[in-house]
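What follows is a set of notes on a single structure, which appears directly below.
No value in this document is a laboratory result; all are computed from the given coordinates. These numbers come from a predicted model, not from an experiment. Note that each Cβ is placed from the backbone with ideal geometry, even for glycine, and that neighbours are counted across all protein chains shown.
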Amino acid sequence: MITDYPICGNGHGKFGFTVLGSGSQGNATVIHSPDGMLLLDAGFSARELERRMALRRIDPHGIRAMLLTHAHSDHICGCRVFADRYEIETYMTGHVCTALDKARPKHVTVIEPGREFELCGVLIESFFVPHDVEAVAYTFHCGGHRIGYATDLGSVTMQVIARLHGCDALVLESNYDTRTLVASHRPERVKRRILSRQGHLSNDSALEALEQILTPSTKQVVFAHLSRECNDSDMVAEGLRSTLERMSRTDVFCEVARQETPLETLWVGRE
Ligand SMILES: [Zn+2]
Ligand SMILES: [Zn+2]
């Protein structure tokens, strides 16, 4: 049992996020606010979530609520056990609530995309993204700063651009390298699904979107949900770096989320 949580105890007065892991094998991110923490997606077992939190000295008892993006297993597989273990409320759309069925946690609040709500002093907004099941992305506003989080989207709509535009920190999907995916041995129907406008976002599309989303207030960019077979994190990092360089935005901190290990916590709005 870990009792010392020097970074992420309540009342540290900071707003930030920790990507616990991201990719097709599991996704989860902790949002930190001065009043507590939120868990965004629970795509690992409860035990694995706790293990990853411990690695970043995050006390799972400090998680005040959970939010889900959609009902694919790489986003929900630990949600019932974790939410019930810590007796927290889980926020999700009606579609996700129905889809979870027996995997539904005890305490559920159904959210309406486009309608803001507040948790732990954080104003939260969800909005639909095009995916092969109903899915939402989120923005989190706190203390004049904003974190945007969008994975599992086949295309970047005007709405996605508008919602993410000017976020201080951005987590965006960069799922696959198109050439690698097309040349892969995956079944044709799987390729078609991933490549479609309801599938996942390619590296090129993510970089294109970034150019439209980035404003001078954007200081941190994390590319996430990389495909294990059809992507390469060094290639994604290089694409990200060279795009930011071309935009004369070398001041932006950029990073690629990993499947196996959590990233360091990024604090938003710090000088
Ligand atoms: Zn996913
Ligand atoms: Zn998905």
If amide hydrogens are placed 1.01 Å from N in the peptide plane, which non-local residues have theirs closer than 5 Å to the one on R146? D168, A169
Taking a cut-off of 20 Å between Cα atoms, list the aspartates and glutamates near K219, but don't count ones fewer than 8 places away on the same chain. D168, E173, E208, E211, E238, E245, D251, E255, E264, E271
Compare the Cα positions of S227, V96, L20 along the charge dipole of the chain (+1 at Cβ of Lys, Arg; -1 at Cβ of Asp, Glu; about the Cα centre) and return the one farthest towards the positive end. V96
Where does each of 31-38, 170-177 land if you order them by average Cβ count within 10 Å, highest first? 170-177, 31-38
Convert each backbone phi in the range 82-94 into a coupling constant with the Karplus relation 6.51 cos²θ - 1.76 cosθ + 1.60 (shift: θ = phi - 60°), then list the ³J(HN,Hα) values in order as whole Hz, x for Gly and Pro. 5, 5, 6, 4, 9, 6, 10, 7, 10, 9, 7, 6, x
Under the Karplus curve 6.51 cos²θ - 1.76 cosθ + 1.60, θ = phi - 60°, whole-Hz ³J(HN,Hα) for the range 194-206, x wherever Gly or Pro sits: 5, 6, 5, 5, 10, x, 10, 8, 6, 4, 5, 5, 5
3J(HN,Hα) from dihedral phi, the range 171-183, Karplus parametrisation 6.51/-1.76/1.60, rounded to Hz, x for glycine, proline: 10, 10, 5, 9, 6, 8, 8, 4, 5, 5, 5, 4, 7
Convert 25 °C to kelvin, take the viscosity as 0.890 mPa s, use the Kirkwood radius over C-alpha pairs of the chain as Rh, and evaluate the Stokes-Einstein diffusion coefficient in µm²/s, rounded to a whole number. 133
Show me 105-115, 217-227, 47-57 ranked by packing, highest mean number of other Cβ atoms within 10 Å first. 217-227, 47-57, 105-115
With n ≥ 4 as the cut-off for DSSP H runs, can you work out [θ] at 222 nm for the chain, using -39500 (n - 2.57) per run divided by the number of residues, rounded to the nearest 500? -7500 deg cm²/dmol
As a percent rounded to 5, the proportion of antiparallel DSSP bridges among beta bridges in the chain is 50
